[in-house]
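The values are calculated or read from the model by the stated rules, or taken from the named source; none is laboratory data. All of these numbers come straight from a predicted model, not from anything done at the bench. Virtual Cβ from ideal backbone geometry, glycine too; neighbours counted across all protein chains shown.
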């Protein structure tokens, strides 16, 4: 069984640089599992490694969307599998890096094929506009309380997607996910979670937001708004939406900074809640790359 390494954890844990170190140590190439880094030009706010660092080790699924096309877990699964096959054909090891828990999960579980005879997504959005998001949330809790508990109250994207899956398949989303089969089914996953003590993580998050703003996040958003328009999907992401509010005059820059930091901490909590449910993750200190590399090498050398 071909190995696939996943380096995961909360935002601010240092996943990108850890994946770089692991790939360098084991002869790997990196596949990004980040829902914003796929978009070209959204650089500072998604905290991409700079091009010089990415040239040290080949990176995949970064800057692959030049416009505002929608990107989802199904597309990620397709492209990540193609990238992994190419990496393995070169005798190298795929090192998947990201905090988008759904993307990492579908690599192992797959996505159930749906019959899409109607545009349920637009119907659901219209329903939300007319009746409110609480009505959609109540519907999901009725048909699939298990999955409803897994997504946050404000995660409207996954809420709509879950109800869309139900209307396309006639099944609760959690059951659909269990019936799925992934193209990675023949692979052996080595999953490493990066552990950071909570207060240290929060300090790292706050410092990263300061760095992003110092690097020119506001100017990046201003230029992207000019060339892409505010409807572009990644503008809904953390960091971008708060800066847009600042540029519209709705809040001042200091408030935007505080909101990005607060929302980043909240995101980290949600990510950890997601990952803690998955029992096949080995959690190791984010500050100890030697321990991570040693664990990965041990797994690679052992028989499945």
**Message:** Tell me whether the range 68-90 contains one or more residues that are closer than 20 Å to residue 195 by Cα and free of Cβ contacts under 8 Å to residues at least 60 places away in the same chain.
**Reply:** no
**Message:** Tell me the residue from 38, 30, 22, 26 that is closer than 27 Å to residue 218 by Cα and either crowded, with 21+ Cβ neighbours inside 10 Å or modelled with pLDDT of 95 or more (or both), please.
**Reply:** 38
**Asked** For residue 146, all conditions in the list (1) assigned by TED's automatic domain parsing to the domain that holds residue 132; (2) part of a helix (DSSP H, G or I); (3) closer than 20 Å to residue 121 by Cα hold save one; what is the number of the exception?
**Response** (3)
**Request:** Give 204, 231 a once-over and let me know the one that is within 27 Å of residue 70 (Cβ to Cβ) and either at pLDDT below 95 or over 18 Å from the mean Cα position of the chain (by Cα) (or both).
**Result:** 231
**Request:** Out of 171, 159, 163, report the one residue that is outside the structural domain of residue 262 (by TED's automatic domain parsing), in a loop (DSSP other than H, G, I, E, B) and surrounded by 16 or more Cβ atoms within 10 Å (Cβ to Cβ).
**Result:** 171
**Message:** Return the residues of the range 58-67 that are assigned to a loop (DSSP other than H, G, I, E, B) and either over 13 Å from the mean Cα position of the chain (by Cα) or touching a residue at least 60 places away in the same chain (Cβ under 8 Å) (or both); say none if nothing qualifies.
**Reply:** 58, 63, 64, 66, 67
**Request:** Determine whether residue 151 is out of contact with any strand residue (DSSP E or B) (no Cβ under 9 Å at 6 or more places or on another chain), surrounded by 14 or more Cβ atoms within 10 Å (Cβ to Cβ) and over 28 Å from residue 263 (Cβ atoms).
**Result:** no
**the range 117-145 - residue that is farther than 18 Å from residue 171 by Cβ and in contact with a helix residue (DSSP H, G or I) (Cβ under 7 Å, 6 or more places away or on another chain) and, of those, surrounded by the fewest Cβ atoms within 10 Å (Cβ to Cβ)** = 135
**Any chance residue 70 is farther than 23 Å from residue 121 by Cβ and either in contact with a strand residue (DSSP E or B) (Cβ under 6 Å, 6 or more places away or on another chain) or not in a strand (DSSP E or B) (or both)** = no
**Complete:** Within the range 1-57, the residues that are over 22 Å from residue 278 (Cβ atoms), within 19 Å of the chain's Cα centre (by Cα) and assigned to a helix (DSSP H, G or I) are 17, 20, 54
**Request:** Quick one: in the range 82-108, of everything that is in a loop (DSSP other than H, G, I, E, B) and over 21 Å from the mean Cα position of the chain (by Cα), which residue is surrounded by the fewest Cβ atoms within 10 Å (Cβ to Cβ)?
**Result:** 91
